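I have placed the structure first, in the form of structure tokens, so that the comments after it can refer back to it.
The values are calculated or read from the model by the stated rules, or taken from the named source; none is laboratory data. What you see is a predicted model; the values in this text were computed from it and never measured. Methodologically, a virtual Cβ is constructed for each residue, glycine included, from the backbone with ideal geometry; neighbour enumeration extends over all protein chains shown. Each accessible area value is taken on the protein alone, full model and side chains, heavy atoms only, with ligands, DNA and RNA left out. Shrake-Rupley method; radii C 1.70, N 1.55, O 1.52, S 1.80 Å.
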Amino acid sequence: MEEKEEEEEVPHHDYGSKQISMERVELPQLHQHPLIPFTHFVFGRCVVCTSDATDRGYIYGGYRCNELQCDYVVFHKECVKPLKEINHSFHPDHTFKLVISGLPSQYFDFLPHTCFCGENFIIGYCCSICDFKLDLRCARRSNPFFLPEIFYGHKHLLKLVCEPYVGRGWKFCKACVKSVKSDCPHYRCQECKEFVIHVDCLNCVQQAYHTSHPQHPLKSLRGLQVPDYADKNCLLCEKEFNQHRHQLHHCDVCNVSICRACMRNPPPVVVECLKTHEHQLHLVPRLLDFTCNACGTQGNRSPYFCLSCNFMIHRECIGLPRVININRHNHRISFTPRLGHGEWKCKVCRKKVDGFYGAYSCSKCPTFAIHARCATRKDIWDMVEREGTPEEEEIAPYEVIDDNTIRHFSHDHHNLQTNNDGMILSESTLCMACVFQIGSEPFYICKKQQCDFILHEKCANLPRKKRHVRDNRPFTLHTDSHFTFQCELCDQYSTGFRYESGNSVTIDVRCASISDSIEHKSHPHPLYYYYTHNNEKGCSRCKNVRGCFFRCDE
């Protein structure tokens, strides 16, 4: 992999006394776009070493794609830059060498190598003597081939296997009580055959210590085994325990509970993220009420803390992006550690923004402010960090020929002229963009014979790209008027111009002109946009309970 790796330095940015460099890595075997490093927590799955789409968790430190529609593409650091040779306990007699195959498609439709666990892969390790192969996930396992007797209270030796069961029926892991697939690596008793444990459950045995609670062992509990007094939320990630589905690990001395995911993948005790703070941040794994310096909201457990300056932060607020685009504002917005004095109101939730904590603001709009949590919601932010990249220049929808003539991009084979000669149009004449009557409004018209192209002046000025509350990605104006579509805001069919986002959301130009708030003569207060799959009250007029609504905050 190192042979094809190209690294590019993006301009440095000074936060405090230290310099931050955004290193970009070109790895065409893994992904078609450059990857950027991250030093914060990302909830997702590594594209290389995690084949199961449902196997998601927190990844601290790694690489991610910073392009639109690729926010799901994340990699462990060790998967992007694996060692060229390793030794492994699964096959101790020989050395493994790194093998990399070309990437046939971004979705990994064909993976040419097969790990001993049965999973296919494009990057992994192979013993050239025995043809024994490991994918990157198995290569990171440090488990022995045999577990000693009396492990997990069992009297026989347990062996690591990946082979079919003898006889019929499902086998269930003694640690998590979930089914164990015979073609996935697991430990099995060679005498009883019924005693099996997932490899990933070795650190979730009946009693185990955890880096965030080293003073007492944690007991593995499920269902009715969990005492009534136990904290039903994970000490570290705050995930709520479901009595019927989840397993937790509990200290009955301290009333501390840790979920299975955090047992398997403990958060780092120390974090360095210069984008967030100039000093090291230390995990405080305990129940503790605090106000996060980055977002200004309350937390009740396990913050990261700076020993030098009392800075305290949620783990999910570490590494907040510095410069972003959102669908509630036309300009880029930037994170600031504090807004300062003032009466600030969030553009999204319309609640007060405390100026003494972190938030986002606009350099071009002095009164604009938005909570850090609101700005980085997935339905608000397009998930692309814009720091160090130039802002896109707006492309004009038409070229000015003279004071009365333009050439519009939707009709670039003829010029359009303004109506200065008092032309009277039929009442049935419709604007090609909004499909409304031209009426008495100013318009542009094509005066070539047998061409009936006509636009309202305001429709001729529609931007070719814009942001809208209906989707977190930018919308592009499409002008093929022979295409019939249904607007996803008003549910009406149209043949006019339309805006489409990268998520295939389509809205007509009339709905695209509506912002996140409206004034309506039927109600004395402003109405604000929100989207729901089930609105219990329904629309006050049509009673529809699903879709886009405007509602009153009062």
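Tabulated data for the structure shown
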{"item": "Segment Y493-R338, extension gain: residue separation times 0.36 nm, minus the distance between their alpha carbons", "result": "51.2 nm"}
{"item": "Contour excess over end-to-end distance, with Cα ends at H413 and E392 and 0.36 nm allotted per residue", "result": "4.9 nm"}
{"item": "Net dipole in debye of the chain [+1 Lys, Arg Cβ; -1 Asp, Glu Cβ; about Cα centre; nearest 20]", "result": "2140 debye"}
{"item": "Contour minus Cα-Cα distance for R350 and T405 (0.36 nm per residue)", "result": "15.5 nm"}
{"item": "Which of I313, C511, G61, positive extreme of dipole for the chain (C-beta unit charges)", "result": "I313"}
{"item": "For segment 249-389, convex hull volume per residue from C-alpha positions, Å³", "result": "136 Å³"}
{"item": "Listed residue (P337, F453, V196) projecting farthest to the positive dipole end of the chain, Cβ model", "result": "V196"}
{"item": "Too-long pairs where the Cα-Cα distance tops 23 Å, listed order kept, from K378/K466; K81/K133; K378/K521; K364/K466; K458/K543", "result": "K378/K521; K458/K543"}
{"item": "Charge context of D379, other residues only, Cβ under 13 angstrom, K/R +1, D/E -1", "result": "+3"}
{"item": "Partners for K275 among lysines (Cα-Cα distance below 16 Å; same-chain residues under 8 apart left out)", "result": "K18"}
{"item": "Dipole magnitude of segment 378-535, debye to nearest 20 (Cβ charges: Lys/Arg +1, Asp/Glu -1, about Cα centre)", "result": "320 debye"}
{"item": "Ranked packing of 66-77, 263-274, most packed first, by mean Cβ within 10 Å", "result": "66-77, 263-274"}
{"item": "Backbone HN-Hα couplings from phi across segment 482-493 [Karplus 6.51/-1.76/1.60, Hz, Gly and Pro as x]", "result": "8, 9, 9, 9, 10, 6, 7, 9, 9, 6, 8, 8"}
{"item": "Segment 464-554 - charge dipole about Cα centre, Lys and Arg +1 at Cβ, Asp and Glu -1, debye rounded to 20", "result": "100 debye"}
{"item": "Neighbourhood net charge (12 Å Cβ-Cβ; Lys/Arg +1, Asp/Glu -1) for R473", "result": "-1"}
{"item": "R0 of 25 Å, Cβ-Cβ distance L224-E191: FRET efficiency to nearest 0.05", "result": "0.20"}
{"item": "Share of carbon and sulfur in the accessible heavy-atom surface of the chain [1.4 Å probe, %]", "result": "49 percent"}
{"item": "Extent along principal axes [Cα atoms of segment 343-439; Å; largest to smallest]", "result": "59, 33, 25"}
{"item": "Whole-percent pair-distance distribution, where bins are 5 Å wide, for the alpha carbons of segment 61-105", "result": "5, 16, 15, 21, 17, 11, 8, 4, 2, 0"}
{"item": "For the chain, the spread of Cα positions along each principal axis, largest first, Å", "result": "99, 54, 54"}
{"item": "Unit charges at the beta carbon, dipole of the chain: most positive-side option, A208, I326, I370", "result": "A208"}
{"item": "Net charge of neighbours whose Cβ lies under 14 Å from the Cβ of T405, counting Lys and Arg as +1 and Asp and Glu as -1", "result": "-3"}
{"item": "Modelled FRET efficiency - R0 35 Å, W170 with A208, Cβ distances, 0.05 increments", "result": "0.90"}
{"item": "Inter-site label distance for E554 and E78 at 7 Å from Cα along Cβ, in nm", "result": "6.0 nm"}
{"item": "FRET efficiency, 1/(1 + (r/R0)^6) with R0 51 Å, evaluated for T429 and L287 via beta carbons", "result": "0.15"}
{"item": "Helix-derived mean residue ellipticity, 222 nm - over the chain, DSSP H n ≥ 4, -39500 (n - 2.57), to 500", "result": "-500 deg cm²/dmol"}
{"item": "With eigenvalues of the C-alpha gyration tensor scaled by 5 and rooted, segment 417-554, Å", "result": "32, 18, 13"}
{"item": "Kirkwood Rh, Cα atoms: Rg over Rh of segment 397-462", "result": "0.92"}
{"item": "Alpha-carbon Rg/Rh ratio, for segment 182-331, with Rh computed the Kirkwood way", "result": "1.08"}
{"item": "Average accessible area per residue (Å²) across segment 375-497 - probe 1.4 Å, nucleic acids and ligands excluded", "result": "58 Å²"}
